[in-house]
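Colleague: The structure is given below, and queries will be raised subsequently.
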Amino acid sequence: MALEAWFMDDSNEDQRLPHHRNPKELLSMDYLADLGVLYWKLNPDNYEHDSELAKIRDERGYDYMDLLDLCPEKVSNYEEKLKNFFTEHIHKDEEIRYCLAGSGYFDVRDKDDRWIRIWMKPGDLIVLPAGIYHRFTLDTSNYIKLMRLFVGEPVWTPYNRPQEEHPVRKEYVKSLTHKFGESVEAY
């Protein structure tokens, strides 16, 4: 099954709920790709020996890897960490995540500043481009096991919104303007 993504409603209900609009507004992989979000479907049961994963890592230079189990039982200060992950931010580098077990949501902003919810499940590998506003939360399963990939030494520093003057944010907005052939506000 392919990755699922949709425009989010404006509800302040539990962040772990799907937050579909009514009616649902599902999005295509092409829409996400236009925003710079990359996606692969891999076999999470074979990640240690997966030649396709090895090829992606080699081609994209992802030489750092670690695993993260995110759930109340395995993470100290769980609620605080989840709150921090759900704060809208950017990074100076790509954010690469591969779901090995469980599930959760990455939310990204589109060129019109609308929230898009991306539901990651086992086998989903996504790359969020540097400079895209995003956040993360678990879904109601309260568990995800992620592989984190990085080029070089990892830097996990989030830059909370607003960051319109940050050079990587400016470069991302410029890439959208070029792609869509129109002026994209720095939202």
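The values are calculated or read from the model by the stated rules, or taken from the named source; none is laboratory data. All values derive from a computational prediction rather than experimental measurement. Note that we place each Cβ from the backbone using ideal geometry, even for glycine, and neighbour counts take in every protein chain shown. Side chains are part of the model used for accessible areas, which takes the heavy atoms of the whole protein and leaves out ligands, DNA and RNA. Shrake-Rupley method; radii C 1.70, N 1.55, O 1.52, S 1.80 Å.
Colleague: Once the convex hull of the alpha carbons of the stretch 15-70 is built, what does its volume come to per residue, in cubic angstrom?
Modeller: 158
Colleague: Over the chain, with a Gaussian network built from C-alpha contacts below 10 Å, which listed residue (Ala101, Ala130, Ala54) shows the highest mean-square fluctuation?
Modeller: The residue that fluctuates most here is Ala54.
Colleague: Next question. Are there chymotrypsin sites (Phe, Trp or Tyr not before Pro) in the stretch 64-159 that DSSP puts in a loop and that have at most 12 other Cβ atoms within 10 Å, and which ones? It would help to have the intermediate numbers written out before the result.
Modeller: Working: sites: Tyr64, Tyr78, Phe85, Phe86, Tyr98, Tyr105, Phe106, Trp115, Trp119, Tyr133, Phe136, Tyr143, Phe150, Trp156, Tyr159; in loops: Phe86, Tyr133, Tyr143, Trp156.
Listed in order of number, the matching sites are Trp156.
Colleague: State the volume of the convex hull built on the alpha-carbon positions of the stretch 124-187, expressed per residue in Å³ and rounded to an integer.
Modeller: In the stretch 124-187, the Cα hull volume divided by residue count equals 145 Å³.
Colleague: Roughly how many whole Å is it from the C-alpha centroid of the stretch 133-165 to that of the stretch 29-90?
Modeller: 8
Colleague: What is the ratio of the Cα radius of gyration of the stretch 1-137 to 2.2 N^0.38 Å, where N is its residue count, to two decimals?
Modeller: 1.06
Colleague: Over the stretch 58-187, what per residue volume does the convex hull of the Cα atoms give, in whole Å³? Mind showing how you got there, number by number?
Modeller: Working: hull volume 15.1 nm³, N = 130.
Normalising the Cα hull of the stretch 58-187 by residue number yields 116 Å³.
Colleague: Please state the charge dipole magnitude for the chain, taken about the Cα centre, from unit charges on C-beta atoms (+1 on K and R, -1 on D and E), reported in debye and rounded to the nearest 20.
Modeller: For the chain, the charge dipole is close to 60 debye.
Colleague: Could you give the length gained by full extension between Arg60 and Lys111, i.e. 0.36 nm per residue of separation minus their alpha carbon distance, to one decimal place?
Modeller: 15.9 nm
Colleague: If you don't mind, another one. Hand me the GluC sites (Glu not before Pro) from the stretch 1-89 located in a DSSP loop with no more than 16 other Cβ atoms within 10 Å, in residue order please. All intermediate terms of the calculation are to be shown ahead of the outcome.
Modeller: Working: sites: Glu4, Glu13, Glu25, Glu48, Glu52, Glu59, Glu73, Glu79, Glu80, Glu88; in loops: Glu13, Glu25, Glu48, Glu73, Glu88.
Sites meeting the loop and neighbour criteria: Glu13, Glu25, Glu48, Glu73, Glu88.
Colleague: What does the extension gain come out to for Lys24 and Phe86, with contour length at 0.36 nm per residue minus their alpha carbon separation?
Modeller: Length gained between Lys24 and Phe86: 20.1 nm.
Colleague: To continue, here is another question. Please report, as a whole percent, how much of the solvent-accessible surface of the chain comes from carbon and sulfur atoms (probe radius 1.4 Å).
Modeller: 49
Colleague: Restricting everything to alpha-carbon atoms, can you work out Rg to Rh for the stretch 89-162 with a Kirkwood hydrodynamic radius?
Modeller: Values: Rg = 12.3 Å, Rh = 12.8 Å.
Across the stretch 89-162, the Cα-based Rg/Rh ratio is 0.96.
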